[in-house]
Amino acid sequence: MKIAVPKETWEGERRVGLVPESVSPLLKIGLSVTVETGAGASAGFSDDDFAQAGAEITSGDVLAAGDVVFKVRAPSPAEVERLRPGTVLLALMDPAVNESLIAGLAGRKVSVLSLERIPRITRAQSMDVLSSQATVAGYMAVLMAAQRLPRFFPMLMTAAGTIKAAQVLIIGAGVAGLQAIGTAKRLGARVKASDVRPAAREEVESLGARFVGAELLDEAAKAEGGYAKEQTEEQKARQKEVLRDSISKTDVIICSALVAGGRAPVVLDAPSVEVMKQGSVIIDLAAEQGGNCALTQPGQEVIHQGVTICGLLNVTSMKAADASRMFSRNLTNLMKHLAPKGEMANLAEDEIARACLVAHDGQVWSGGSPATEAGAAGGKS
């Protein structure tokens, strides 16, 4: 089987689906690797790097040549037309947004594994793309905040007097939030964090941050896979009320609250932003899903009553080299699981693959089965 690695066409995407250090493990299980010319350039990996690792470099149509395609982002409609029937595509597909694209892939008899749906089970941890990329996003959020905040993060003792440490609040203590806590602590900030899932409290406190909003914790708030469930309007209002005092004393808020398969919950409304200090900063990592802040404008940075609200997209691409390394390792581990001897397993029968399938055998899949079956069983189609 041939692994094909195309250059990403999504605007602003600098990552690549495979890096040179991952070529050798794939060759060892009997696979070959073909990389499109320039595919890794934006992430800092040259064609020579890939060639020295044992990959074939081509300026031809790599998509049409591959049995398995490694991509970061979903293919464009033009790229879909170049995929051969029987190809297996591994990518971040964003199924809730790309329904028609996935239907088109199913129509071409392309099997599609949506990497957002890697199950959060122990044996799939090394394949968990969302967690690895969220680590990058959490780290970058703190650096972005530190750059925009008109004051230092750490406490400084100077001849001109003492500079107090910045106050940072993390809303959403998933992988990105926990990485943000650790990074902000290393930069010397005083860090608080909040989440509605009880398990998050222990994780927050283990990193040395103060947990706020304990009265919001709810066992029922945890969905399958560790994500938070969508809250009721009453619960959201209660959350805003509980966090209002912390928000008013905060210099930086990093929002990373997501719910599985839906729009990001709005946890900061305009009145919440307006109680923040002049010069404060909000980094909204949920901007691609609509934003956790009601004033976030996805893809833009705005100032509202002296508060900078940053809704930049594709934050992980800002650290493209290491983000690509982590992504590549995830996909390599997935392939070693699916094709340990160079031949692809039956995707419909493998627990991990089945959970990720959104197109297979000419049909759209949902919830581990063809969508028509999922619909008949009461699932989403």
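The values are calculated or read from the model by the stated rules, or taken from the named source; none is laboratory data. Note that the coordinates shown come from a computational prediction; the quantities given were computed from them, not determined experimentally. Every residue, glycine among them, receives a Cβ derived from its backbone with ideal geometry; neighbour counts consider all protein chains shown.
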The listed residue being under 17 Å from Asn330 (Cβ atoms) and of a type in the set (Ser, Thr, Tyr), out of Ser24, Ser59, Ser42: Ser24
In the stretch 99-134, residue nearest to Ala65 (Cα to Cα) [restricted to those that are touching a strand residue (DSSP E or B) at 6+ places or on another chain (Cβ under 9 Å) and polar (S, T, N, Q)]: Ser111
Some residue of the stretch 230-239 being within 24 Å of the chain's Cα centre (by Cα) and either at pLDDT 95 or above or within 30 Å of Ala355 (Cα to Cα) (or both): yes
Failed criterion for Leu312 (all others in (1) in contact (Cβ under 8 Å) with a residue 60 or more places away in the chain; (2) over 18 Å from the mean Cα position of the chain (by Cα) hold): (2)
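Can you pull out every residue in the stretch 206-218 that is surrounded by 13 or more Cβ atoms within 10 Å (Cβ to Cβ) and either among the hydrophobic types (A, V, I, L, M, F, W, C) or in a helix (DSSP H, G or I) (or both)? Lay out the reasoning, then the answer.
To start, the set of residues in the stretch 206-218 that are surrounded by 13 or more Cβ atoms within 10 Å (Cβ to Cβ) comprises 207, 209-213, 216-218.
Leu207, Ala209, Phe211, Val212, Leu216, Leu217, listed by residue number.
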Filtered residues of the stretch 119-128 (kept if surrounded by fewer than 23 Cβ atoms within 10 Å (Cβ to Cβ) and among the aliphatic types (A, V, I, L, M)): Ile121, Ala124
Selected residue [surrounded by 20 or more Cβ atoms within 10 Å (Cβ to Cβ), in contact with a Leu (Cβ under 6 Å, 6 or more places away or on another chain) and not assigned by TED's automatic domain parsing to the domain that holds Leu31] from Ile282, Ile309: Ile309
Test: residue in the stretch 157-173 that is assigned to a helix (DSSP H, G or I) and in contact with a strand residue (DSSP E or B) (Cβ under 6 Å, 6 or more places away or on another chain): no
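Consider Ala137 carefully, then state whether it is crowded, with 21+ Cβ neighbours inside 10 Å and under 30 Å from Val259 (Cα atoms).
On the way: crowded, with 21+ Cβ neighbours inside 10 Å: yes; under 30 Å from Val259 (Cα atoms): yes.
Yes: the conditions hold for Ala137.
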Test: residue in the stretch 194-201 that is assigned to a loop (DSSP other than H, G, I, E, B) and surrounded by fewer than 17 Cβ atoms within 10 Å (Cβ to Cβ): no
Filter pass, Arg120 being in the same structural domain as Glu349 (by TED's automatic domain parsing) and within 17 Å of Asp350 (Cβ to Cβ): yes
Of all residues making up the stretch 98-116, the number that are modelled with pLDDT under 95 and within 15 Å of the chain's Cα centre (by Cα): 1
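Every residue, every condition in (1) in a loop (DSSP other than H, G, I, E, B); (2) surrounded by fewer than 17 Cβ atoms within 10 Å (Cβ to Cβ); (3) acidic (Asp, Glu), yes or no:
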| position | (1), (2), (3) |
| --- | --- |
| Phe45 | yes, no, no |
| Asp48 | no, yes, yes |
| Glu81 | no, yes, yes |
| Pro85 | yes, yes, no |
Only listed residue being over 30 Å from Met93 (Cα atoms), outside the structural domain of Gly367 (by TED's automatic domain parsing), modelled with pLDDT of 85 or more and not small (Gly, Ala, Ser), chosen from Ile181, Ile247: Ile247
Selection count, the stretch 266-296, where residues are over 22 Å from the mean Cα position of the chain (by Cα), free of Cβ contacts under 8 Å to residues at least 40 places away in the same chain and part of a loop (DSSP other than H, G, I, E, B): 5
